[in-house]
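To keep things clear, I will list the structure first and then write my remarks on it.
The values are calculated or read from the model by the stated rules, or taken from the named source; none is laboratory data. Just so you know, these numbers come straight off a predicted model, no measurement behind them. No Cβ is skipped: glycine too gets one built from the backbone with ideal geometry, and neighbour counts run over all protein chains shown. These area figures cover heavy atoms from the full protein model, side chains too; ligands, DNA and RNA do not enter into them. Shrake-Rupley method; radii C 1.70, N 1.55, O 1.52, S 1.80 Å.
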Amino acid sequence: MISAQPTERGRSLTIRVLRYNPQEPGSVPRLQDYAVEEAEGMTLYLALSEIRERQDPSLMFDFVCRAGICGSCGMLINGRPGLACRTLTRDLAPEITLAPLPGFELVADLSVNTGKWMRALSERLETWLHGVEDRLDLGAIERPMAPDLAERIYELDRCIDCGCCVAACASAQMRPDFVGAVGLAKIARFRLDPRDTRSDADHFELVGGDDGVFGCMALLGCHDVCPKGLPLQTQIAYLRRRMARVGLAG
Ligand code: SF4
């Protein structure tokens, strides 16, 4: 086990990583410590990269963009879901514990298969514009939209499928079929879009049950951790009221 010591140049960090590779015979979950000298403006992503380059090439974690856009580097940072590339080490105590996001298939160490989960969600909720294929008039599809409506749709389109909201959600951890805040936000997004021909009843079919908006326990961990600051609390509350009305009418 490596222990970090203070130095003149800056803080010595201890990065404690929950390591486990389910593909590797004999691998058992364990905590491993790495000592890293903190540098100016260091993010957790940079610290992990340094560990992998200089200390331990076997350490597994995901990244692509390094700019909070791809959503790949989500992990539990001191128990709270967040993006490694958007987390500055200076905002944390010198002992930092990292673990993989719960609720997703573990690849190894800090790497989880959020892509598989998000793809299944997308197919289940059919997160694409419906009705467009029936309209051959492209002019109708691309007709102007009021700027404030476009802005409201864009606000929800900023989701990067990072999975932090799912990892922070008690419902999602208890029932694997729960669509999570990310699923509810996607339905809210398509409800807003006048180009989508699906009705409220169609949306009720998709998220009007206990695996959707009525499975939410309103603890709102999702809202607290979303790195893009999506208005999840407002959207879930609105969708719940709307779906209750559709359910009562049905
Ligand atoms: S809603 Fe926020 S936390 Fe959830 S997947 Fe999208 S960006 Fe990540």
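Computed values, structure above
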read-out: The listed residue being open to solvent by less than 60 Å² (accessible area, probe 1.4 Å), touching a residue at least 12 places away in the same chain (Cβ under 8 Å) and in contact with a Cys (Cβ under 6 Å, 6 or more places away or on another chain), out of VAL179, VAL225; value: VAL225
read-out: Residue in the range 156-173 that is surrounded by fewer than 23 Cβ atoms within 10 Å (Cβ to Cβ), under 20 Å from GLU126 (Cβ atoms) and either of a type in the set (D, E, K, R) or away from the ligand (no atom under 16 Å from the Cβ) (or both) present; value: yes
read-out: Top-ranked residue in the range 219-228 [being in a loop (DSSP other than H, G, I, E, B) and closer than 15 Å to GLY74 by Cβ; ranked as farthest from the ligand (Cβ to nearest atom)]; value: PRO227
read-out: Hits in the range 67-98 (condition: more than 22 Å from VAL166 (Cβ to Cβ) and assigned to a loop (DSSP other than H, G, I, E, B)); value: LEU92, ALA93, PRO94
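Listed here are the residues, each with its yes/no results for (1) open to solvent by 40 Å² or more (accessible area, probe 1.4 Å); (2) at pLDDT 95 or above; (3) in contact with an Asp or Glu (Cβ under 8 Å, 6 or more places away or on another chain).
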{"site": "SER72", "(1), (2), (3)": "no, yes, yes"}
{"site": "CYS85", "(1), (2), (3)": "no, yes, no"}
{"site": "LEU101", "(1), (2), (3)": "no, yes, no"}
{"site": "LEU110", "(1), (2), (3)": "no, yes, yes"}
{"site": "THR114", "(1), (2), (3)": "no, yes, yes"}
{"site": "ALA120", "(1), (2), (3)": "yes, yes, no"}
{"site": "GLU123", "(1), (2), (3)": "yes, yes, no"}
{"site": "HIS130", "(1), (2), (3)": "no, no, yes"}
{"site": "LEU138", "(1), (2), (3)": "yes, no, no"}
